[in-house]
Amino acid sequence: GGAARGRFAVVGGGIAGVTCAEKLAADFPYEDIFLITASPVIKAVTNFKQVSKTLEEFDVEEQPSSLLVKRYPNIRVIQSGVKQLKSNEHKIYTEDGKEYIYEKLCLCAGAKPKLIVEGNPYVLGIRDTDSAQAFQKNLAQAERIVVVGNGGIALELVYEIQGCEVIWAIKDKAIGNTFFDAGAAEFLIPKLTAESQETPIECKRTKYTVEGSEGKGRPTAGSDKLGSALGPDWHEGLHLKGTKEFSHKVHIEILCEVKKIHIQEEFIQLQQTSFTFPKEEKSVEPDEVLWPVYVELTNGKIYGCNFIVSATGVVPNVEPFLDGNNFAVGEDGGLKVDKHMQTSLPDVYAAGDICTAAWEPSPVWHQMRLWTQARQMGWYAAKCMAADALGESIDMDFSFELFAHITKFFNYKVVVLGKYNAQGLGSDHELMLRCTKGHEYVKVVMQNGRMMGAVLIGETDLEETFENLILNQMDLSAYGEDLLNPDIDIEDYFD
């Protein structure tokens, strides 16, 4: 048969792609919307709550694509990977040998984990639900693991693991650099070393496993299969416990990266010394045990372990689309998009982790590969595609006015707003802090008397006030330190 034709096509079954397809399907009920996805399950947004002007909360649920089609009968799910895009012919070739002709296309193929080394069975990349399950199977036999990386996933992982020694290698001075500064890290660290732990919250997300995918000789890390990214509560419902009976044993090696990974035979030939788990900060003993794999760090230390978790961020998944197409690509490897989510090629849009925002951003917004942004971009891309198809003009979406993200770390509510780590502000800024140990941590970033960003950990109830202060750029110099004085109800000033 010839090529199937559709007005709109979307590639990718993650949050950006599904949100985009749903919005198009709702706006064009009489058009077929093609959703091309390699996986039989899609990621759907559930329990969506608009918390404030820019803050939103939602759960992410894996669902069989049949549920999506039930909601929107005009979405046609094509379960196949993309083999090639011929943008000049407006044509997509899928792995299963079919062709699709589109008027407008949105690429939402996400990103893949950046592995420290490819193809090493002892290195697990963690980014999606499949790899988290593979990880859990391995952890059950583990006595010691090395975690590499310092983003949200590494942070949560290290906090959740019990009964297993964890050597955590980070390239920064402090943990969680993507979300926090050293002060916030200090506030959180006692939670890492606390012996007892709150009982884990029940898992809200229903998990669907694909029929027959269990144990059919899947590669341990599952890194070649693209799953969708993990949400903020991905570890809930996973039983992360190693072989030992104690709860937390974490040793952090700062300012270092992995220099080399040696399997056991290579390590023996090295004739080097590896170290036991450091008990006091000073004493590092040579290790008598032989481990399956060894990690040599750039600070000269070598540790043996059962396996290594690579949680070192992601690379946009642009591979299948570049061949024969002249896409402008950003420094981070993503497809550059303008303020209408359009790539450099006509009628091709992109949203979510695969894209790089190449418009002039608002002074308090920046791109981060997070679920909230994937949802916002997917929704806005659909609006732009619709407007262009109908020859209408459209305003930039309000969600790109202010960077705003709400999540949970170590069971604390965490809200980050604007340039919360003074991103791009140089040395021309000042920080104000308020911290109650074990209760809350509040930090604001000020520049020329104006609030540019904030980190709120705990139940502070300040997010809406601070969101307004950052959005309206009011001059706050007059308040000085009183801005964070807990005895002054700051909202009274700004009604």
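The values are calculated or read from the model by the stated rules, or taken from the named source; none is laboratory data. None of these values were measured; they are calculated from a predicted model. FYI the Cβ positions are ideal-geometry reconstructions off the backbone, even for glycines, and counts take in every protein chain you see. We work out accessible area using only protein heavy atoms, side chains counted, and drop any ligands, DNA or RNA first. Shrake-Rupley method; radii C 1.70, N 1.55, O 1.52, S 1.80 Å.
Output yes when any residue across region 47-60 is under 20 Å from the mean Cα position of the chain (by Cα) and crowded, with 22+ Cβ neighbours inside 10 Å, and no when none is. The answer is yes; a qualifying residue exists.
The residue list G237, G222 contains one member that is farther than 30 Å from E89 by Cα, modelled with pLDDT under 90 and open to solvent by less than 20 Å² (accessible area, probe 1.4 Å), which is G222.
Residues in region 406-430 that are touching a residue at least 60 places away in the same chain (Cβ under 8 Å) and open to solvent by 10 Å² or more (accessible area, probe 1.4 Å): I406, T407, K408, N411, Y412, N421. Do we find that Q79 is surrounded by fewer than 24 Cβ atoms within 10 Å (Cβ to Cβ), of a type in the set (S, T, N, Q) and under 17 Å from A9 (Cβ atoms) in this structure? Considered against the rule, which asks whether it is surrounded by fewer than 24 Cβ atoms within 10 Å (Cβ to Cβ), of a type in the set (S, T, N, Q) and under 17 Å from A9 (Cβ atoms), Q79 comes out as yes.
The residues of region 304-334 that are touching a strand residue (DSSP E or B) at 6+ places or on another chain (Cβ under 6 Å), closer than 23 Å to C384 by Cβ and in a strand (DSSP E or B) amount to a single one, P316.
Results for (1) within 28 Å of K260 (Cβ to Cβ); (2) part of a loop (DSSP other than H, G, I, E, B); (3) at pLDDT 70 or above, shown as yes or no for each residue.
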site: Q133; (1), (2), (3): no, no, no
site: I145; (1), (2), (3): yes, no, yes
site: G176; (1), (2), (3): yes, yes, no
site: F179; (1), (2), (3): no, yes, no
site: E186; (1), (2), (3): no, no, yes
site: S196; (1), (2), (3): no, yes, no
site: I201; (1), (2), (3): no, yes, no
site: K204; (1), (2), (3): no, yes, no
site: Y208; (1), (2), (3): no, yes, no
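Contact map, region 108-131: first residue more than 11 Å from V309 (Cα to Cα) and at pLDDT below 80, second residue among the basic types (K, R) and open to solvent by 30 Å² or more (accessible area, probe 1.4 Å), Cβ cut-off under 9 Å, separation 6 or more or different chains; pairs are D128/K225; T129/K207; D130/R218; D130/K225. The lone criterion from (1) modelled with pLDDT of 80 or more; (2) touching a strand residue (DSSP E or B) at 6+ places or on another chain (Cβ under 8 Å); (3) outside any strand (DSSP E or B); (4) exposed (fewer than 14 other Cβ atoms within 10 Å of the Cβ) left unmet by C256 is number (4).
Taking L297 as the residue in question, decide whether it is surrounded by 13 or more Cβ atoms within 10 Å (Cβ to Cβ) and either at pLDDT below 90 or not assigned by the TED database to the domain that holds G149 (or both).
no
Once region 24-41 is narrowed to residues that are open to solvent by less than 40 Å² (accessible area, probe 1.4 Å) and in a helix (DSSP H, G or I), the residue that is nearest to A351 (Cα to Cα) is L24. Does N448 satisfy being touching a Phe, Trp or Tyr at 6+ places or on another chain (Cβ under 8 Å), open to solvent by 10 Å² or more (accessible area, probe 1.4 Å) and not assigned by the TED database to the domain that holds A185? No: the conditions fail for N448.
Selection of region 92-102 for residues being open to solvent by 30 Å² or more (accessible area, probe 1.4 Å) and under 16 Å from L322 (Cβ atoms) yields only Y93.
Residue count for region 366-375, restricted to those that are closer than 24 Å to V10 by Cβ and in contact (Cβ under 8 Å) with a residue 40 or more places away in the chain: 6. Going through (1) modelled with pLDDT under 90; (2) within 21 Å of F48 (Cα to Cα) one by one, Q423 falls short only on (2).
Could you tell me whether any residue of region 368-377 is open to solvent by 20 Å² or more (accessible area, probe 1.4 Å) and more than 27 Å from V315 (Cβ to Cβ)? No, every residue in region 368-377 fails to be open to solvent by 20 Å² or more (accessible area, probe 1.4 Å) and more than 27 Å from V315 (Cβ to Cβ).
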